[in-house]
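The values are calculated or read from the model by the stated rules, or taken from the named source; none is laboratory data. The structure presented is a predicted model; accordingly, all values stated were derived computationally and were not measured. Glycine gets a Cβ as well: all are built from the backbone with ideal geometry, and neighbour counts include every protein chain shown.
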Amino acid sequence: MMMDKLAPLTLLAQQIFKDLRAMSPDGAGVSRPAYSSVETQALDYLAAFARAQGLAVDADAARNLWFSLPEHRAAERFMVVGSHVDTVPEGGNFDGLAGVVAGLLVLIRGREKGLRLPVKCLALRGEESAWFGSCYLGSKALTGQMTAAELAAPHKGDDRSLADHMAALGIDRAPIAAGQPLIALERILGYVELHIEQGPLLVERDIPAAVVTGIRGNIRYRSVTCTGEGGHSGAVPRAYRHDPVLAMADLLTRLDDSWLHILQTGGDLVLTSGVVGTDPARHAIARIADSISFSLDIRSQNTEVLDHMRDYLHEEMADIARVRGVRFDTGPEIPAAPALMDDTMVAGLMAAMGRTGIAPFSMASGAGHDAAVFAQAGVPAAMVFVRNRNGSHNPREAMEISDFMVGTAIISAYLEAADT
Ligand SMILES: [Zn+2]
């Protein structure tokens, strides 16, 4: 659609990406640590850029930045288009920043087209967990969802707490610690976030962008232990074995079968056991292991599917324990609820995608995003993914500017249609 009209905006977007990459180099990639001076410099750059474009710039009490058309600065209710400016160490330049640049372009285009619906672009701090161990810090502070443990969490580099780092930026922690939203949340009509896709789906399907239907929640177990009985690998006949490794393999195979079944019946699920090991102090090629530990990470955008998988996991562990004479212990479960995107916003974005000349396409988000924090705070939220190669959180992430402009055009078309 109208790519000719978008050309000046494309150049602006390229300039921002280029300048911010140059401001935060780290090895082959970039680093913009959460609540650091580099993050502040990135925000200062964006503020100067926005002012030069005639936009109003405001900071909230957590030092996230808000951009708007001057006539919408004091709007009582408004839509928000935003994302985060921080990155992981030696990360890519587009994870987060793309969503902020999209918001700025929506405003600049809106200024030219006379956008009547009040829209604000939000540049959030501290989304990545790489620095303080927990994620979505800027949006949690803003929406009153930050915990005492998060404020006390030490920075991985200097061991000073998040509260200390916030204090160094002049942020008053009292309302954040009290769990007070820093803005009346009912003023936000909806939150839209453009983000690079972090998986391979859009590249494989040759689609430039997609509307996100939900952000997967998960149930996680850091270390499930299966305990059996050690023995000589040559001497113990099968019938006498209580091999925890085979028990784990049996369990994972059953979970995998269930996964396939859920997919074939239209459900959403991903399942990973990324850390697996027998005790290196006791294991040997010629020895049946005593025990094995493994992580389990089960994700779905549907709470019922997660509940089903939890039940299924425990049933199958009980069955395998009985059949093989082993014992499973999952340890504590670490849950995170799925965040469904707002149906009306998803439908509006799908229609807008159609109007940009691309067959509407939707997908689930496997990774978490600030949009989930807004959804959990009761703010209607939605996301647009942009095709991206090589995943994210690494310097090789690769988003084509033309795909980014398609994603931005979808959001613009959506907001212009919602402009009544
Ligand atoms: Zn991100």
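Per-residue answers, yes or no, for (1) among the polar types (S, T, N, Q); (2) within 16 Å of the ligand (Cβ to nearest atom); (3) within 22 Å of the chain's Cα centre (by Cα):
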{"site": "T303", "(1), (2), (3)": "yes, no, yes"}
{"site": "L313", "(1), (2), (3)": "no, no, no"}
{"site": "A372", "(1), (2), (3)": "no, yes, yes"}
{"site": "Q376", "(1), (2), (3)": "yes, no, yes"}
Residues of region 101-153 being among the acidic types (D, E) and in contact with a helix residue (DSSP H, G or I) (Cβ under 8 Å, 6 or more places away or on another chain), in sequence order, are E127, E150
Only one of R125, R109 that is of a type in the set (K, R), in contact (Cβ under 8 Å) with a residue 24 or more places away in the chain and more than 13 Å from the ligand (Cβ to nearest atom):
R109
Any residue in region 307-321 that is in the same structural domain as M248 (by TED's automatic domain parsing) sitting within a Cβ distance under 7 Å of a residue that is polar (S, T, N, Q) and surrounded by 15 or more Cβ atoms within 10 Å (Cβ to Cβ)? List the pairs, counting only those 6 or more apart or interchain.
Y312/S258
Could you tell me whether any residue of region 357-367 is in the same structural domain as E127 (by TED's automatic domain parsing), over 15 Å from A209 (Cα atoms) and crowded, with 16+ Cβ neighbours inside 10 Å?
yes
Restricting to region 372-420, what's the tally of residues that are basic (K, R) and in contact with a helix residue (DSSP H, G or I) (Cβ under 8 Å, 6 or more places away or on another chain)?
2
Tell me yes or no: at least one residue of region 327-337 is surrounded by 15 or more Cβ atoms within 10 Å (Cβ to Cβ) and among the β-branched types (V, I, T).
yes
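Let's see how each residue does on (1) within 30 Å of A174 (Cβ to Cβ); (2) outside the structural domain of N394 (by TED's automatic domain parsing); (3) modelled with pLDDT of 95 or more:
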{"residue": "D19", "(1), (2), (3)": "no, no, yes"}
{"residue": "A28", "(1), (2), (3)": "no, no, no"}
{"residue": "L65", "(1), (2), (3)": "yes, no, yes"}
{"residue": "R73", "(1), (2), (3)": "yes, no, yes"}
{"residue": "V80", "(1), (2), (3)": "yes, no, yes"}
Does R173 meet the test of being assigned by TED's automatic domain parsing to the domain that holds F361, more than 16 Å from the ligand (Cβ to nearest atom), of a type in the set (K, R) and in contact with a helix residue (DSSP H, G or I) (Cβ under 6 Å, 6 or more places away or on another chain)?
yes
On the basis of being in contact (Cβ under 8 Å) with a residue 60 or more places away in the chain, of a type in the set (V, I, T) and surrounded by fewer than 18 Cβ atoms within 10 Å (Cβ to Cβ), does T213 make the cut?
no
Which numbered condition trips up F67, out of (1) surrounded by 23 or more Cβ atoms within 10 Å (Cβ to Cβ); (2) within 16 Å of the ligand (Cβ to nearest atom)?
(2)
Consider region 135-157. How many of its residues are crowded, with 17+ Cβ neighbours inside 10 Å and more than 14 Å from the ligand (Cβ to nearest atom)?
10
Of the conditions (1) away from the ligand (no atom under 16 Å from the Cβ); (2) outside any loop (DSSP other than H, G, I, E, B); (3) buried (at least 19 other Cβ atoms within 10 Å of the Cβ); (4) not basic (K, R), A102 satisfies every one except a single condition; which number is it?
(1)
Consider region 193-245. How many of its residues are modelled with pLDDT under 95, under 25 Å from M79 (Cβ atoms) and among the hydrophobic types (A, V, I, L, M, F, W, C)?
1
Residues of region 82-98 being under 12 Å from the mean Cα position of the chain (by Cα) and outside any loop (DSSP other than H, G, I, E, B), in sequence order, are S83, H84
What do you reckon, is T40 within 22 Å of Y136 (Cα to Cα), assigned by TED's automatic domain parsing to the domain that holds F385 and more than 16 Å from the ligand (Cβ to nearest atom)?
yes
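Take the conditions among the hydrophobic types (A, V, I, L, M, F, W, C), surrounded by fewer than 19 Cβ atoms within 10 Å (Cβ to Cβ) and not in a loop (DSSP other than H, G, I, E, B) and apply them to A48. Does it pass?
Answer is yes for this residue.
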